[in-house]
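Below is one structure, written out as structure tokens, with a few remarks after it.
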Amino acid sequence: MNAIKPWYLSKTIWASAVTLGVSVAGMLGFSADAFDEQSLVETIMQLVTALSGLIAIFGRLNAETRIS
């Protein structure tokens, strides 16, 4: 495994964050039974992907130098 990617593109990191969030919510008295962790992770990943796409588009539109 020689490929390097940013931490926020790691599904393992997102799944761990969701697991941690559900755990903390449970400690605070919220029921974790209502959450399907895999669906929640996929939804978060889709939102992150959409957000990064928007940032890339707006970044390119606002750039002051050309791509060669």
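Would you be able to tell me the number of residues in the range 15-28 that are exposed (fewer than 10 other Cβ atoms within 10 Å of the Cβ) and at pLDDT 80 or above?
Initial filter on the range 15-28 (exposed (fewer than 10 other Cβ atoms within 10 Å of the Cβ)): 27-28.
Filter again for at pLDDT 80 or above, leaving 28.
The qualifying residues number 1.
Could you grab me the full set of residues in the range 1-21 that are charged (D, E, K, R) and assigned to a loop (DSSP other than H, G, I, E, B)? Before you say what the answer is, go through the steps one by one.
Here is the first cut: in the range 1-21, the residues charged (D, E, K, R) are 5, 11.
Within the range 1-21, 5 is the sole residue that qualifies.
The values are calculated or read from the model by the stated rules, or taken from the named source; none is laboratory data. Being a predicted model, the structure only gives us computed values, none of them experimental. With ideal geometry, Cβ positions are generated from the backbone for all residues, glycine too; neighbour counts draw on all protein chains shown.
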